Amino acid sequence: MEATTHPITVKPRPRGADRYQYLTQTNAGTPAGELLRRYWQPVALSDSLPPGAAPQPIRIMGEDLVLFRDDGGQVGLIDRKCAHRCTDLALGRIESGGIRCPYHGWLFDVNGRCLDQPAEASPTAKDRIRMKSYPILEVAGAFWAYMGPGDPPLFPNYPALAGGSEYRYTTRWFGDCNWMQASEGNIDPVHTSYLHQLELSSPDMQARWGVFSNQARPELGVEDTRFGVRLYTLRKIEGADRSSIRITNFVMPNACAVGGFEGYLGEGGVTMLWDVPIDDEHHWRWEFIFHRSGNLDKAALEQQYESEKAEGDRMRRAKDDLYSQDRGSMKSEAYLGLGECFSVHDIAITQSQGTIHDQTGEHLSSSDIAIVRARRMLDEAANAVAAGEDPRGVVRNTAENDFTDLVVITGEIDSTESRESYCSRYAGDHSLFALESKASGK
């Protein structure tokens, strides 16, 4: 790998409403950009690059790259500009063990090495050329890149990424705003009682989403974990001496782990979301929906998602006409008036905050404790990277690469039990997300 090492510019950040605004900037050399580059990030869907596919332009954190599969099946992610005269390698030819620039025939392999310069007199001149390249792994229906310096960390064994495709549905959405406001929406447990309210007329819908119908004022709690922040959300159940409880997680630096269809499939479900910057004004929302049973109704998910998508994994609904909001349906069917797809709700509402959300306009409250803690944790991690240290959540040894403490559960808790005690029933229990052998593969 030949990845450029960028100096990190760290400026004094006085306390104030915009103290964490710098985290929205993710180009190479920025504190947040260098932080995000210390983790594996999803960059493309696996099925977008079958054998024989054309090279695929990739823009991530302000860098323009090209993803390609050579004629031997190896996948590479290298600089999009040819090292010779900066021609676009997305126009390149896949042949002879690499990608060949169509301008003068220079050939590069998946590691950015120049294999051939057919018009050059010196047979060794090519050996002095090395393109920027990044390590690639194919996991859970996606290609993942490590864009940081030095040896990459271990790929994290998160439960949502385990097993074959029968256990998981993988998709992504284009987001027309900064990554950070989208990521923060995922760790806001209060919005589910409003934004995602639907008329749950069928037993199937009630089983899936009934947990969100309780609009009692939540009791919230957070605690730091080795991978991020654990969120506790308790809501009193009317007429009972117990509460509903949801345990979800912020996963450093731009992911979360939330519920995954436990309502109708039982325990063992988790959805992990990544909000990956394309640049400072756009991002990809990645979704990895998992259940240990292997009985996810992926056909139904596909039908719902594709009905809301246009070409290029963009939302069909446009912000210019307020996302085709149906105000008639807001009376009884859908709180937001944008149909039943939660992803559409999330993307539309975070885009409405502006292309880059200006934090100075906020009035944070007690219900924002997870967002406040996540911002501080990102700030701490950016400073750790600037000091040459690994940030929280980076895994370097196999003993740390066991995420049974990444608890995601929805249930009920008695008033005499603490939330920490309830969580401890599942932390370290491998059975919560253990793959069941009799998967139907739907």
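Read-outs throughout are calculated quantities, based only on the coordinates presented, and are distinct from any laboratory measurement. As the structure is a prediction and not an experimental result, all values here were calculated from the model. For neighbour counting, all protein chains shown are included, and Cβ atoms are generated from backbone atoms with ideal geometry for every residue, glycine included.
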Please list the non-local residues whose amide H lies under 5 Å from the amide H of Gly228, H modeled 1.01 Å from N, same-chain partners needing a gap of 5 or more. Met252
HN-Hα couplings for segment 307-313 via Karplus (6.51, -1.76, 1.60; θ = phi - 60°), in whole Hz with x for Gly/Pro, come out as 5, 9, 10, 9, 4, x, 6
Restricting attention to the chain, give the cysteines that have no other cysteine Cβ less than 4.7 angstrom from their Cβ. Cys86, Cys114, Cys177, Cys256, Cys341, Cys423
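Which of Thr416, Thr30 has the fewest other C-beta atoms within 10 Å, and how do the rest follow up to the most?
Values: Thr416 8, Thr30 22.
Fewest to most other Cβ atoms nearby, the residues stand as Thr416, Thr30.
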Working from the pairwise distances between different alpha carbons, so that the mean of 1/r is found and then inverted, what is segment 324-442's Kirkwood radius in Å? 19.6
Could you sort the peptides 405-415, 153-163 by per-residue average Cβ neighbour count (10 Å cutoff), highest mean leading? 153-163, 405-415
Report ³J(HN,Hα) in whole Hz for each residue of segment 126-143, in order, from the Karplus equation J = 6.51 cos²θ - 1.76 cosθ + 1.60 where θ = phi - 60°; Gly and Pro get x. 4, 6, 8, 9, 9, 7, 4, 9, 10, x, 10, 10, 10, 9, 6, x, 9, 8
With 5 Å bins from zero, work out the P(r) of segment 218-299 over every alpha carbon pair and list the percent per bin. 3, 13, 16, 18, 19, 16, 9, 4, 1, 1
Could you give P(r) for segment 85-205, binned at 10 Å from zero, as whole percent values over all Cα-Cα pairs? 10, 22, 26, 20, 12, 7, 2, 0
Nonlocal amide H pairs with Ile58, under 5 Å, H built at 1.01 Å: Leu65, Val66, Leu67
Per residue convex hull volume, Cα only, the chain, in Å³ is 161
Scan around Ser352 for amide H atoms under 5 Å from its own, H built in the peptide plane at 1.01 Å from N, and keep only partners 5 or more places away or cross-chain. none
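For the chain, what is the number of Lys pairs with C-alpha distance below 17 angstrom, counting only pairs 8 or more positions apart or on separate chains?
Step by step, the pairs that qualify in the chain add up to 6.
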Whole-Å semi-axes of segment 41-145's equivalent ellipsoid, largest first, each the root of 5 times a Cα gyration tensor eigenvalue? 24, 13, 12
Under the Karplus relation 6.51 cos²θ - 1.76 cosθ + 1.60, θ = phi - 60°, what is the ordered set of whole-Hz ³J(HN,Hα) values for segment 39-46, x standing for Gly and Pro? 10, 5, 10, x, 10, 7, 6, 4
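Show that you can apply the helix-only estimate: for the chain, add -39,500 (n - 2.57) for every DSSP H stretch of four or more residues, divide by all residues, and state [θ] at 222 nm to the nearest 500.
That calculation yields -4500 deg cm²/dmol at 222 nm.
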